[in-house]
Amino acid sequence: MLATLLSLLARGALIEAEPVATSLEGSQVALFEEAAESVLLVLFVAVECPISNRFAPSVNAIYEEFSAVDFAMWTVYTDDLFSTDEILKHRADFEYGMPALMDFDRGIAKHGGATVTPEAVVFVREVSGSYRMVYRGRIDHQYVGFGK
């Protein structure tokens, strides 16, 4: 019986907990537990990524168009080379209106399978209340590969 219990505990340790990131104000955010919307768009961006930066006007337009419906959009920064002040400056420079998270341990990125910037991941709320990923990939077909 003890062996069975230890086996179950060991398996449970392998189950990923919902990822937690840090808001720009410094609070911890469990995005998938705290969100109330039916659709979450998580956009992975980087301060010095020229492609991310070129998409800023389009991303802002998407946010403005859909923010009034049952939809939430977050920009997520995974690169810990930049300070909160540098991220805030980046957001001001590119006029991002949606909330942002710092995911320096890459928990949200791993949860969504994101590996590059910019990369969009869309989650929808299931009847059970949990979120299921329905899309991961490019914002559009403007950049199909590195240097293309």
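Quick look at the values:
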{"item": "FRET E, pair Ser38, Phe104, Förster distance 22 Å, beta-carbon r, rounded to 0.05", "result": "0.20"}
{"item": "Packing-based ranking, highest mean first, of 88-97, 75-84 given that Cβ atoms within 10 Å are counted", "result": "75-84, 88-97"}
{"item": "Point-to-point label distance, Ala92-Val127, nm (Cα→Cβ direction, 7 Å offset)", "result": "4.9 nm"}
{"item": "Amide H within-cut-off set for Tyr131, under 5 Å, with H built and near neighbours excluded", "result": "Glu126"}
{"item": "For the range 19-137, average projected area of the Cα convex hull in nm²", "result": "6.8 nm²"}
{"item": "Burial order of peptide ranges 64-73, 47-56 (average beta-carbon count within 10 Å, highest first)", "result": "47-56, 64-73"}
{"item": "For a label point 7 Å along the Cα-to-beta-carbon line of Glu48, residues of the range 80-124 with backbone N under 12 Å", "result": "80-83"}
{"item": "Other-chain or far-sequence residues with amide H under 5 Å of Ala114's (modelled H)", "result": "none"}
{"item": "R0 of 22 Å, Cβ-Cβ distance Gln28-Thr84: FRET efficiency to nearest 0.05", "result": "0.95"}
{"item": "Karplus-derived HN-Hα couplings along the range 62-73 (A = 6.51, B = -1.76, C = 1.60, θ = phi - 60°), whole Hz, x at Gly and Pro", "result": "4, 4, 5, 5, 9, 5, 7, 9, 6, 8, 10, 10"}
{"item": "Under Karplus coefficients 6.51, -1.76 and 1.60, residue-wise ³J(HN,Hα) of the range 118-127 in Hz, glycine/proline x", "result": "x, 9, 9, 10, 10, 10, 10, 7, 7, 4"}
{"item": "Antiparallel DSSP beta bridges within the range 19-137, percent to nearest 5", "result": "60 percent"}
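Read the figures in this text as sums done on the coordinates, not as results from a lab. Just so it is clear, the structure is predicted and the values come from calculations on it, not from any experiment. For neighbour counting, all protein chains shown are included, and Cβ atoms are generated from backbone atoms with ideal geometry for every residue, glycine included.
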